[in-house]
Amino acid sequence: MFLALDLPEDPRDRLADWRDEILDGRRDLRPVRPEALHVTLVFLGWQDESAAERIAEAAFDALPEGRMPRLTATGVRPIPPKRARLFALDLDDESGRATALQAAISDALEAGGWYRPEKRPFWPHITLARVKRGERRVAPPPDHPAPPAEAFDAGVVTLYRSTLRPQGALYEPLARTVASDALDPAAPRSAD
């Protein structure tokens, strides 16, 4: 399981179109399906599915008050930098809102015993494509055209179950809420 910020449909479609353009003709990379593009907040690993409702409740109750995260694409990074296994789109996190949201969820899930925080700092990014098995020393995508420059609000937080398959992971939403509900204390939070 993992928690993620979902991308709004229009920015997601623009990013997917741009990604498809820069990866056109590449046989060494497997693009992430457009509907699977997201910003991972917390990767929980295997969790008993019976805990999903409690995990979602703890995470959603921890969402900080204030404006939802506003993100802007800045460029593609190979991960790891040498002998890349994937290419990710680096995101500028306006006012650190996504970072604050991630920290609040991380703390809540650690307190519940479902998560051990990573030592490295949170890095807002979107995985664009993975290197196919057997490929070595894969060249990064070109720098041009640049990614869409429009900032977007990412206010939907989803708890996903990830099922690994040869053709790519399948992400099934288990619970979802809107981070901007924090602006209205009377607004209900849902765990679908």
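In the set L170, L109, only one residue is touching a helix residue (DSSP H, G or I) at 6+ places or on another chain (Cβ under 9 Å), of a type in the set (A, V, I, L, M, F, W, C) and modelled with pLDDT of 90 or more; that residue is L109.
On the basis of being part of a loop (DSSP other than H, G, I, E, B), modelled with pLDDT under 95 and open to solvent by less than 50 Å² (accessible area, probe 1.4 Å), does G134 make the cut? No: the conditions fail for G134. The residue that is modelled with the lowest pLDDT, among those in the range 8-50 that are within 18 Å of F152 (Cβ to Cβ) and of a type in the set (V, I, T), is V32.
One line per residue, one yes/no per condition, for (1) in contact (Cβ under 8 Å) with a residue 12 or more places away in the chain; (2) out of contact with any strand residue (DSSP E or B) (no Cβ under 9 Å at 6 or more places or on another chain):
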| residue | (1), (2) |
| --- | --- |
| D90 | yes, no |
| A98 | yes, no |
| I105 | yes, no |
| G112 | yes, yes |
| V138 | yes, no |
| A149 | yes, no |
| R165 | no, yes |
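The set of residues in the range 141-167 being part of a loop (DSSP other than H, G, I, E, B), modelled with pLDDT of 90 or more and open to solvent by 30 Å² or more (accessible area, probe 1.4 Å) consists of P145, A146, A149, E150, A151. Considered as a group, the residues in the range 173-183 that are open to solvent by less than 60 Å² (accessible area, probe 1.4 Å) and not in a strand (DSSP E or B) include one that is modelled with the highest pLDDT, and that residue is A179. Filtered by the rule that a residue be among the acidic types (D, E) and open to solvent by less than 40 Å² (accessible area, probe 1.4 Å), the range 28-87 gives a lone residue, D28. Going by what's in this entry, would F122 be described as part of a strand (DSSP E or B) and either of a type in the set (K, R) or modelled with pLDDT of 95 or more (or both)? No: the conditions fail for F122.
The values are calculated or read from the model by the stated rules, or taken from the named source; none is laboratory data. Treat the numbers as computed from the prediction; the structure is a model and nothing was measured. No Cβ is skipped: glycine too gets one built from the backbone with ideal geometry, and neighbour counts run over all protein chains shown. What goes into the accessible areas is simple: the full protein's heavy atoms, side chains included, and nothing from ligands, DNA or RNA. Shrake-Rupley method; radii C 1.70, N 1.55, O 1.52, S 1.80 Å.
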